[in-house]
1. Tell me, what is the percent relative contact order of the stretch 1-106, built from C-alpha pairs under 8 Å that lie six or more residues apart?
2. Can you figure out the FRET efficiency of Leu13 with Ala174, using R₀ = 41 Å and their beta-carbon distance, to the nearest 0.05?
3. Can you tell me the FRET efficiency between Glu134 and Ser70 if r is taken as the Cβ-Cβ distance and R0 is 35 Å, rounded to the nearest 0.05?
4. Between beta-carbons, use under 15 Å as the cut-off and find the net charge around Asn9, counting Lys and Arg +1, Asp and Glu -1.
5. Run the quick spin-label model on Lys95 and Lys51: label points 7 Å from Cα toward the beta carbon, then report their separation in nm to one decimal.
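Just so you know, all these numbers are worked out from the coordinates, no wet-lab data involved. Note that this is a predicted model, so its numbers are computed, not measured. Glycine also receives a Cβ, built like all others from the backbone with ideal geometry; neighbour counts cover every protein chain displayed.
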Amino acid sequence: MDFKIDWSNKSKLRGPGEQSVGILVRKLCAKLSPQSRGISISYVDDRGMRKINKLFRGLNKTTDVLSFPSSPEKGEFHHLGDIVISLEVAEKKAKHFEVSRRRQVETLVIHGFLHLCGYDHEKDAGEMIALQSELEKLLLKDEPLPTSKKRGRKSGSKLKTLKNGERIIVTGRAAQAIIRREKLQKGQPSKAASKTKSKAKTISEAKVGSKKPRRGPGRPPKGIAGALANHVAKHRQRKKHSYKMRSGIIS
């Protein structure tokens, strides 16, 4: 049975088809998933990719490629899954790397195909990215394009398991709440608690440091205040001195 590719383009840009990517996909299938009989490749724009990314991954932003593996039952048509590519992101990356749009899409197809086969660069130790580079050299006869190991995951994001068992990626306050919960389970104080404790300690130290030492009894204060007090004391002593009365006649 022939391998079938379902093509779809919902972007204003034109994506490569059977003459380049189709041949590449069939080579990937023969090498990595010979039991598969079909796959779908969809080209979208940034707006469409943002909607898909938010719906299935909880990330309100566009990305270059997403993969959706299928799980056919026994006896059903063995559809490997769906690959969705944003041609606008591919065009930007192609200009950055100074390659053609077709060449950039080929890299994204290989990346997406590996995800359909069960590889995950967010969980492995670099095996997927290494295999992707080997496949680019072997099947495209070209040097692999630069890629990032941590693709598609925003810094600080966390995986959240819903009540129905579904796992989604969350960011912002939801991710911070998960991090605080994990620290509490491990017995580590959260960042907010550490800041509060540190602030209270600083205020306490400031109060201790600002306390003025008490003077001993009879000791005059130092500085200008001390000199003024001594002057007043001497002036009072002069007033207490007795003088002899003189007559009002001037001789």
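1. Computed value for the stretch 1-106: 29 percent relative contact order.
2. Using R0 = 41 Å, I get an efficiency of 0.75.
3. 0.85
4. Around Asn9, the charge tally is -1.
5. Label-label distance for Lys95 and Lys51, simple model: 2.5 nm.
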